[in-house]
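These notes are about the structure you will find just below.
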Amino acid sequence: MKPLHIDFVSDVACPWCAVGLASLERALEKLEGEVPVDLRFQPFELNPQMGPEGQDVGEHLTNKYGSTAEQQAQSRAAIAARGAAVGFTFRKEGRGRVWSTFDAHRLLHWAGEQGPKQQRDLKMKLLESYHGEGRSPADHAVLADAAASVGLDRAEAQAILASDRYAREVREREQEWQQMGIHAVPSVVINGKHLIQGGQPPEVFEQALRQLAEQ
């Protein structure tokens, strides 16, 4: 059977992307041995203009969505419950600050050149580091630690982060996905034409992938 090509368009800053990826992984575990897939991660920045100092997450959400502290707490609890259901643990006190994720996307692009497993492992590690531990995805030391923890070369990761390598490639891919109509994440694109949006439950991904594999 020809593998299904899955593009997981997402941002490290997005909590629903963590839920969506964990959910997709549960579905893929159910499909293992039945439906082969080629999973790749594509860049999307929720806050491309975010400065190096970041922003308090409560302040950011109020400015962007007009939400109150109470609404944010309710949303955080709902996301944490959805995460727990698929095996992803969110930090109880939340993320703390919102940061630029551009350098994280550059590192993920490099990891993708090493192989799909390396890219997948780094993606999950970065989501866990930010949403589970509150560590900044803009901090080069945090990014290098994440790369090393999944078996990637720390010195090479540090060299990439100290340069502008892969900046053009990341920006081009971001523009390509936006031109294809992707304006919210997570967006899961299968074989370049079938779209599943949001942090869907595992059974939604499983059913969709089974149907597409049979076509």
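Does any residue in segment 147-164 that is closer than 16 Å to E128 by Cα come within less than 6 Å, Cβ to Cβ, of a residue that is open to solvent by 70 Å² or more (accessible area, probe 1.4 Å) six or more places away or on a different chain, and which pairs are these?
A148/R154
If you take just the helices (runs of 4 or more DSSP H) that sit entirely in segment 87-181, which of them hold at least 3 residues that are at pLDDT 95 or above, of a type outside the set (S, T, N, Q) and touching a strand residue (DSSP E or B) at 6+ places or on another chain (Cβ under 9 Å)?
102-114, 116-127, 167-179
Let's see how each residue does on (1) buried (at least 17 other Cβ atoms within 10 Å of the Cβ); (2) more than 18 Å from K117 (Cα to Cα):
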| site | (1), (2) |
| --- | --- |
| M1 | no, yes |
| S23 | yes, no |
| Q49 | no, yes |
| E53 | no, yes |
| D56 | no, yes |
| A80 | yes, yes |
| G94 | yes, yes |
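Going by what's in this entry, would L212 be described as closer than 17 Å to F44 by Cβ, aliphatic (A, V, I, L, M) and open to solvent by less than 30 Å² (accessible area, probe 1.4 Å)?
Spelling it out, it is not the case that L212 is closer than 17 Å to F44 by Cβ, aliphatic (A, V, I, L, M) and open to solvent by less than 30 Å² (accessible area, probe 1.4 Å).
To keep it simple, each residue is scored yes or no on (1) polar (S, T, N, Q); (2) out of contact with any Lys or Arg (no Cβ under 9 Å at 6 or more places or on another chain); (3) more than 15 Å from I6 (Cβ to Cβ).
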| site | (1), (2), (3) |
| --- | --- |
| S129 | yes, no, yes |
| A155 | no, yes, yes |
| D164 | no, no, yes |
| E174 | no, yes, yes |
| S187 | yes, yes, no |
| G199 | no, no, yes |
| E206 | no, no, no |
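Taking V12 as the residue in question, decide whether it is open to solvent by less than 40 Å² (accessible area, probe 1.4 Å), at pLDDT 95 or above, touching a His at 6+ places or on another chain (Cβ under 8 Å) and aliphatic (A, V, I, L, M).
Yes; evaluated as a whole, the condition is true for this residue.
The values are calculated or read from the model by the stated rules, or taken from the named source; none is laboratory data. What you see is a predicted model, and the numbers here were worked out from it, not measured in a lab. Cβ atoms come from the backbone with ideal geometry, glycine included; neighbour counts cover every protein chain shown. We work out accessible area using only protein heavy atoms, side chains counted, and drop any ligands, DNA or RNA first. Shrake-Rupley method; radii C 1.70, N 1.55, O 1.52, S 1.80 Å.
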